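Nothing in this text is a laboratory measurement; each read-out follows from the coordinates by a stated rule. Predicted model only: the values in this text are computed from it and were never measured. For neighbour counting, all protein chains shown are included, and Cβ atoms are generated from backbone atoms with ideal geometry for every residue, glycine included.
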Amino acid sequence: MQKRTKVARVSTPARSMRASASCRRACRNLRISLVARVKLGFRDGLLAVDRFGLASWTLAVALIAYLLRFPERTPTLGLEHTSPVGSQAFLSTVVGLTGQEFIPGNTVDVLENGDAFYPAMLEAIASAEQSVTLEQYIMWAGEVSDRFAAALAERARAGVSVKLLLDAVGSSTLGDRALQVLKDAGCEVAWYNRIHWYTVGRFNNRSHRKTLIVDGRIGFTGGAGIADHWRGDARGTEEWRDTQVRIEGPAVHALQHGFAINWLRTTGEVLQGEAFFPTPPAAGPTAVQVINSSPDAGASGARLAYYLAIVSSRKRIDIVNPYFVPDEVAVETLAEAAARGVQVRVLVTGVRNDNWLARHNSVRLYGPLLEGGVKVYEYHPRMLHQKVMIVDGCWCSVGTSNFDNRSFALNEETTLCVCDESVVAALSRAFDDDLAESREVSFDAWRRRGLWARVQELVASLLRDQV
């Protein structure tokens, strides 16, 4: 007889308790698994965000570096003290390096402050018979721009070809009133290097030129734009101190060349014919070199002319510039000139400088200049804006170029160089008059400047190449 196996019977409550415990364990394991997965997902998300953020910052830094890059290489070799300024060897070297000849047969008149140069410019415009070309970094809304707009419009209605090339950044505040007057009269207005997404690689290239050319025979250039703060005779704190020159003769062709190239680049139009490039007769005894600097050239003609004049000096160097931020090579070159017995004087705008970056970067560099024997003077009465350099009483330059890397490497600039005793004498008298209103900076005073001044200089130095 078969034996029956005894099966243990578990009561219903016991079975329920076991099932409940098993369910709790399963739920706990599931919860732990879900929390682990959420934590893992959150960590991976943070890592992804980190990687994305790092990539974004890297891309932004790379873009900024690309946009603020310098297309020019600063000269470091070949700046030896050789032929004196004014000698044929010096002049031939400057011509050879810049590609710009000294053109004989001109008159050059030095015009100090708005009461002198604005009436002369408006008189020249009123005399125009065939063409007026104007290239300006600054043309701002106000009384002065209205006067110029009215004068240009009158000539356009008389059948004269009037073309204005205004920098899209510098003249952005011209306003509708003057523009409407110009356009209604038939003047052609173009904007140099407008900011678009497809021009982002060139947005830092500005036309800093200030040139007016009438009939291809009379030209003006210098530090002044067309705005109300240049009115007057530098009498009060609000009237800017500046210098322009009026040229008449064959050298005006070179000024017109600078306008024509930028006009072609902006509009696609080629300027040609007697209206723009006549054959003017000799107007005076002065040979003039016109240097149209551009970053497209790969080397600044103005920088080369300045540095060559410094290393070739024998007696005296006088520099007046509102935004004086020399690079290491320029500082060393000026100190070397002082060490060989040249009197080096630098006159800069003082507390009324309108450019915070330039002001603090300039002050930051006083120390090595003063230690090297360079005399530094600050002009405090008002904004001093002219860009002039005089060497050994026989050579001078005047124009739009500041003594900083922005003018040398990023901007379109115009610089006139002249070897003429009368022109040099006029600029020297103006320099001495400005020096009489200035205050010399001592090394001890510079060294004792406060902490706040040093902090501002440190911050400004981060953008020293964008002054």
Seminar exercise, completed: Proxy exposure order for E412, E378, E336, E269 (fewest C-beta within 10 Å first) is E269, E336, E378, E412
Exercise. For region 255-310, with equal point scatterers placed on the C-alpha atoms only and solvent neglected, what are the log10 I(q)/I(0) values from the Debye formula at q = 0.18 1/Å, to two decimals?
Worked result: -0.84
Exercise. Going toward the positive end of the dipole of region 88-466, with +1 on Lys and Arg Cβ and -1 on Asp and Glu Cβ, which of A302, H253, L357 do you reach last?
Worked result: L357
Exercise. Rounded to whole Å and sorted largest first, what semi-axes of the equivalent ellipsoid does the C-alpha gyration tensor of region 259-417 yield via the square root of 5 times each eigenvalue?
Worked result: 31, 19, 15
Exercise. What residues have an amide H closer than 5 Å to that of V162, excluding those fewer than 5 places away on the same chain, when H is modeled at 1.01 Å from N in the peptide plane?
Worked result: V132, E188
Exercise. Looking at the square roots a ≥ b ≥ c of the eigenvalues of the Cα gyration tensor of region 417-467, which shape do they give, rounded for a/c under 1.5, prolate if a/b is larger than b/c, or oblate?
Worked result: oblate
Exercise. Mean separation of Cα pairs under 8 Å and 6+ residues apart, divided by the residue count of region 203-269: what relative contact order is that in percent?
Worked result: 31
Exercise. Rounded to the nearest 5, what % of the DSSP beta bridges within region 96-230 are antiparallel ones?
Worked result: 45
Seminar exercise, completed: Everything considered on the Cα gyration tensor (a ≥ b ≥ c; rounded for a/c under 1.5, else prolate if a/b is larger than b/c, else oblate), region 132-254 must be described as rounded
Exercise. So for region 88-466, what are the equivalent ellipsoid semi-axes in whole Å, largest first, each being the square root of 5 times an eigenvalue of the Cα gyration tensor?
Worked result: 33, 23, 20
Problem set entry | Coil-residue trypsin sites (Lys or Arg not before Pro) of region 327-417, DSSP, other Cβ within 10 Å capped at 15 | R340
Problem set entry | Paired Rg and Dmax values of region 380-467, which use every Cα atom, in angstrom | 16.4, 46
For this session: Sticking with the crude label model, points 7 Å out along Cα→Cβ, report the distance from W452 to D115 in nm, one decimal please.
Result: 3.6
Problem set entry | Extreme residue, positive dipole direction of region 88-466, given options V320, M139, F102 (C-beta unit charges) | V320
